[in-house]
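The values are calculated or read from the model by the stated rules, or taken from the named source; none is laboratory data. Note that the structure is a prediction, hence the values are computed from the model and not measured. All Cβ positions, even for glycine, are placed from backbone atoms using ideal geometry, and neighbour counts span all protein chains on display. Note: areas computed on protein heavy atoms with side chains; ligands, DNA, RNA excluded. Shrake-Rupley method; radii C 1.70, N 1.55, O 1.52, S 1.80 Å.
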Amino acid sequence: MTRVILQRLLQGLLVLFVLATLTFFLVRALPYGPFQDERAVPSHVRERLEQLHGYDKPLVVQYAMRLGNLARGELGTSLKVMEGREVTAILAQAFPVSLALGLMAMLIAVPVGVAAGVIAAVRRNRVVDYAVMAVALLGICLPNFVIGPVLAELFGRRLAWFPVSGWEPRDLSFMILPAVTLGLGSAAYLSRLTRTGMVEVLHQDFIRTARAKGQRESWVVLRHALRGGLIPPVAYLGPAFAATVSGSVVVESIFQVPGIGRLFIKAIETSDEALIMGPVLIYGSLIVVANFLADLVQLWLNPRLRSNS
Amino acid sequence: MTRPFSDPSVSGAARSGVADDGGRSLWSDAVSRLRRNRAAMWSCTFLTIVVLLCFIVPFFPIIQDPAVQDLSGRNASPSAGHWMGTDHLGRDLLARVLHGGRISILVGLVTTLVSLTIGVCIGAVAGYAGGRIDALLMRVVDVLYSLPFLIIVILFSALAKSHTERLTDGITALTGWNRDAVAPFTGLLPLFVAIGALSWLNLSRIVRASVQDLAGREFVEAARSLGLPHHRILFHHILPNAVGPIVVYATLTIPGVMLFEATLSFLGMGVQPPYSSWGVLIKDGADRMLSNSLLLVFPSILFVLTLLSLNFLGDGLRDALDPKSSRD
């Protein structure tokens with residue numbers, strides 16, 4: 001058990017290392033640097049700037065310095081989008097917004113997806129099942145950049161239930177539309193997986209035994225079947241959270257949410273290396289943590305995994 | 001164990017196009033199972049129509065040039081002259097949707113081919129070699145799997161995009177081809193590379209699993225005892241029998257890839273003007289939803305229906321080729 005956890009943590013560190021390396025070299029391979037402007041910068045000014053930020057040293061040395069700084073938790077300064085500000089400070093403002101949005105999306109996606117899957121499995125091959133699965137497939141195929149504008153139009157402008165775009169801290173109403181847009185895809189996947197898991201479990205002997213004991217069907221489904229049926233969707237929770245987190249890049253630019261996704265897009269457009277690295281590493285760590293938690297929940301749900309490890 | 005595509009004689013017959021004498025081959029069984037699947041057949045028909053429309057019809061004069069602007073007839077409603085109306089610059093929407101579809105479908109197919117090639121090679125080698133090579137390759141896959149996919153693709157395509165000009169110049173200089181003929185291809189190359197380089201992970205896992213399964217069979221042992229070299233055993237004996245799952249997951253990869261292309265294009269990092277794709281059209285439509293909602297509706301409907309059909313077809317193929325793994 002401890003070994004598995006240690007192994008996972010090591011792998012997580014490896015993932016972050018690969019991510020930092022990949023990002024560093026990809027950004028450095030971009031032909032336009034942070035000191036290029038629409039206005040021509042005088043060459044001596046540029047040289048001074050490059051010297052100041054260490055851009056005059058060989059690439060490998062810069063890479064080593066960057067990794068060293070990252071290991072110490074220093075993300076550097078934004079050179080372009082928010083000139084001269086510490087990336088840590090920028091992220092301290094933007095990250096809570098993205099995190100709240102992502103958690104809200106999962107909070108919507110997981111109950112909706114699981115409930116839909118359970119209902120479909122219980123009513124297998126009936127109209128309800130087909131309807132739920134059709135909606136789920138539609139949810140997978142409808143991209144969030146189609147759903148987002150439509151929701152904004154319908155509930156934002158026409159019905160005026162929620163604000164069309166923007167963000168106010170501590171105001172839930174701004175969060176609803178982006179979170180629903182973000183969570184819909186994951187809810188659809190989760191419902192399909194839950195249905196598959198539940199259908200399989202409902203066929204097994206111990207369910208027949210439970211029914212034979214005369215227990216109510218709802219008790220059989222919720223108390224006996226659900227635990228086993230949840231194994232496939234829980235295995236998918238890590239990737240689902242990853243997809244949600246990455247999807248926030250799109251949703252944040254649709255709804256003008258000031259999170260790290262929008263920062264990331266702006267930073268890419270200006271190849272602002274420090275400000276690209278920050279969000280990328282946050283996305284990476286979120287995924288690592290989510291996968292780790294999903295593994296733990298899986299161990300708890302499935303005793304068979306425990307004995308093997 | 002009578003799973004389809006595990007019997008060498010069957011795939012041999014399928015490859016040469018001859019059905020086994022007496023009795024039906026497993027492939028013709030699969031075809032007839034697919035035929036009975038109504039959703040899959042409708043999807044197949046729809047996809048054929050869309051592909052024909054996008055790739056052939058734009059050459060007929062009934063469809064206008066998607067680039068011709070008619071500023072006096074902006075945002076027109078559908079009419080006999082413009083079946084889907086016109087956009088904010090007076091361009092015929094139908095023509096734009098068909099031309100955009102051509103790019104979207106092309107990106108979907110070529111990128112899937114890229115990811116298929118990488119995925120099959122890595123998966124096959126890992127599954128066949130086993131031991132340390134397998135462990136190493138699968139650790140690499142595990143690590144790549146934990147990366148934020150969309151983020152990396154955006155980075156990749158930003159990089160590839162910035163080198164497009166130079167690449168076009170290079171190819172033109174090297175081959176002496178017309179620059180205008182090379183440019184559309186190099187313009188899309190960043191997408192093929194960026195998405196293809198990262199979308200093979202699932203495929204490699206599936207190929208690895210089936211190769212591992214097949215490598216222990218008697219016919220492989222027979223091939224080995226004949227002293228055949230490894231590459232021949234792998235590519236001539238094992239892989240042809242793994243074609244079923246590969247076809248299924250390749251089909252299911254196409255819609256995913258098309259979705260990625262559209263997402264990138266929506267963010268302004270995918271297909272670049274003067275070319276457009278469904279993603280670009282959806283972005284244009286979303287920006288002008290208030291003045292003319294049809295600009296969003298038509299491209300979205302066609303895009304979503306295409307993705308749905310590909311999913312239905314993929315599910316149908318899975319049920320047909322491997323009845324055991326079907327949903328119920």
Original post:
How far is it, in nm, from the label point at A:R123 to the one at A:T209 when both lie 7 Å from their Cα along the line to the Cβ?
Top reply: 3.1
Subject >> Total charge dipole magnitude, the protein assembly as shown, about the Cα centre, Cβ charges on Lys, Arg, Asp, Glu only, Debye to nearest 20 >> reply: 1780
**OP:** May I ask for the angle, rounded to the nearest 10°, between helix B:294-321 and the longest principal axis of chain B, with both axes built from Cα atoms and the value confined to 0 to 90°?
**Re:** 10
Original post:
From the Cα gyration tensor of chain A, with a ≥ b ≥ c the square roots of its eigenvalues, which class applies: rounded if a/c is under 1.5, or else prolate if a/b is larger than b/c, or else oblate?
Top reply: oblate
Original post:
Check A:R85: other-chain or 5+ apart residues with amide H under 5 Å from its amide H, H built from backbone geometry?
Top reply: A:S78
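Could you tell me the calculated FRET efficiency between A:L299 and A:A115, based on Cβ-Cβ distance and R0 = 30 angstrom, to the nearest 0.05?
Details: r = 24 Å, r/R0 = 0.81.
It comes to 0.80.
Using a ≥ b ≥ c from the Cα gyration tensor of the protein assembly as shown (square roots of the eigenvalues), is it rounded, prolate or oblate, where a/c under 1.5 gives rounded and otherwise the larger of a/b and b/c decides, a/b for prolate?
On the way: a/c = 1.30, a/b = 1.22, b/c = 1.06.
Judged from the Cα gyration tensor, the protein assembly as shown comes out rounded (a/c under 1.5).
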Original post:
Between B:Q69 and residues 5 or more places away or on another chain, which pairs have amide H atoms under 5 Å apart, with H built 1.01 Å from N, and which residues are they?
Top reply: none
**OP:** Give the ranking of B:H230, B:H88, B:H236 by solvent-accessible surface, highest area first, calculated with a 1.4 Å probe.
**Re:** B:H230, B:H236, B:H88
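B:I133 to B:Q272: FRET efficiency via 1/(1 + (r/R0)^6), r the Cβ-Cβ distance, R0 45 Å, to the nearest 0.05? Don't jump to the answer; show the numbers that get you there.
Details: r = 40 Å, r/R0 = 0.89.
Taking R0 as 45 Å, the efficiency between B:I133 and B:Q272 is 0.65.
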Subject >> Cα→Cβ-extended label distance, 7 Å offset, between B:F185 and B:R36, nm >> reply: 4.6
Subject >> Solvent exposure, largest accessible area first (probe 1.4 Å, DNA, RNA and ligands not counted), of B:V31, B:V97, A:V127 >> reply: A:V127, B:V31, B:V97
**OP:** Report, in degrees rounded to the nearest 10, the 0 to 90 angle that the Cα long axis of helix B:179-196 makes with the longest principal axis of chain B.
**Re:** 50
Original post:
Quick one: helix B:164-175 against the long Cα principal axis of chain B, what's the angle to the nearest 10°, folded into 0 to 90?
Top reply: 70
Subject >> For A:L172, solvent-accessible area (1.4 Å; no DNA, RNA or ligand), Å² >> reply: 100
**OP:** Taking the dipole about the Cα centre of the protein assembly as shown, with the C-beta of Lys and Arg at +1 and of Asp and Glu at -1, give me whichever of B:Q212, A:V289, B:F149 is farthest to the positive side.
**Re:** B:Q212
**OP:** Select from chain A the helices, each a whole stretch of DSSP H, whose alpha-carbon atoms run 24 Å or more along the helix axis and whose Kyte-Doolittle mean is at least 0.5; answer none if there are none.
**Re:** A:2-28, A:87-122, A:173-202, A:231-254, A:273-301
Original post:
Per-residue accessible area for A:W167 at 1.4 Å probe radius, Å² rounded to 10?
Top reply: 50
Original post:
Which one of B:V97, B:L310, B:I118 is farthest out on the positive end of the charge dipole of chain B, using unit charges on Cβ (Lys, Arg +1; Asp, Glu -1) and the Cα centre as origin?
Top reply: B:I118
Original post:
What is the extension gain from A:L9 to A:R72, computed as 0.36 nm multiplied by their sequence separation minus the C-alpha to C-alpha distance, in nm to one decimal?
Top reply: 20.9 nm
